[in-house]
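Encoded as structure tokens, the structure appears first; notes follow it.
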Amino acid sequence: MSARTVRIDGEERDPDTFAWMKARKRPAVVDVVAMPAPFEVDTMEGTMRGDTADALIRGVEGELYPCSLDVFSQTYELAWDARLDFRRFRVFRDGERTRIDTDDGLLGWGCQFPSGVCIVDWRLEAFPEEDRLDHPHTSRYGSPDDVEQGTGGVIVWAGEPADAEQRETREVLAEQR
């Protein structure tokens, strides 16, 4: 039996033949933490693994389970809590320091947590074919400065313009540091 097969009364059925309906999850609030390193957790379904920056979720009945950053961003939104306050940003190409060339200059999206740690979710198509991974990739940095120094990119915080003048201003400020 494959992961895409359902067995009913001993007969294997393709789930694509079912009469699916749409349903919305109830607005239950769960606890979540972004994990600082790859991890394993014992769940009701057995031991499951998560990667750096994946969410570890504690469900409504206290059950623990991992959730990839991509799936989390598509199915959850953070309930506001001062302890969960974080800043979002985008990483753009800096023509002087970055050898990667993109149409719009966007290399990835990130967030800075209250501890200062930054997680960047890289845009795969922004990288040259020979350097491109065949799966989603996130990176962890100690600070926004580490993101810019480590990537040669320029951070633009959510709500800030991402035009050339803004990037030039950030480059001048970086040179003055």
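Per-residue answers, yes or no, for (1) at pLDDT below 85; (2) of a type in the set (D, E):
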| site | (1), (2) |
| --- | --- |
| G59 | no, no |
| L84 | yes, no |
| E96 | yes, yes |
| R99 | yes, no |
| T102 | yes, no |
| G108 | no, no |
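Scanning segment 52-72 for residues that are in contact (Cβ under 8 Å) with a residue 40 or more places away in the chain and aromatic (F, W, Y) returns a single hit, F72. Are any of the residues in segment 62-69 modelled with pLDDT of 85 or more, over 19 Å from the mean Cα position of the chain (by Cα), surrounded by 10 or more Cβ atoms within 10 Å (Cβ to Cβ) and not assigned by TED's automatic domain parsing to the domain that holds I155? For segment 62-69, residues modelled with pLDDT of 85 or more, over 19 Å from the mean Cα position of the chain (by Cα), surrounded by 10 or more Cβ atoms within 10 Å (Cβ to Cβ) and not assigned by TED's automatic domain parsing to the domain that holds I155: present.
Residues of segment 32-49 that are over 15 Å from V71 (Cβ atoms), surrounded by 13 or more Cβ atoms within 10 Å (Cβ to Cβ) and not β-branched (V, I, T): P36, F39.
Against the condition hydrophobic (A, V, I, L, M, F, W, C), in contact (Cβ under 8 Å) with a residue 60 or more places away in the chain and not assigned by TED's automatic domain parsing to the domain that holds Q112, how does A34 come out, does it pass?
On the way: hydrophobic (A, V, I, L, M, F, W, C): yes; in contact (Cβ under 8 Å) with a residue 60 or more places away in the chain: yes; not assigned by TED's automatic domain parsing to the domain that holds Q112: yes.
The answer is yes for A34.
Annotation: R88 fulfils all but one of (1) charged (D, E, K, R); (2) at pLDDT 85 or above; (3) closer than 30 Å to G46 by Cα; the unmet one is (3).
How many residues does segment 111-135 contain that are among the basic types (K, R) and touching a residue at least 12 places away in the same chain (Cβ under 8 Å)?
1
Of all residues in segment 8-34, those that are modelled with pLDDT under 85 and under 28 Å from G142 (Cβ atoms) total 1. Filtered by the rule that a residue be in a strand (DSSP E or B) and under 27 Å from W122 (Cα atoms), segment 35-63 gives F39, E40, V41, M48, R49, G50, A55, L56, I57, R58.
The values are calculated or read from the model by the stated rules, or taken from the named source; none is laboratory data. Model, not experiment: these values are computed from the prediction. Every residue, glycine among them, receives a Cβ derived from its backbone with ideal geometry; neighbour counts consider all protein chains shown.
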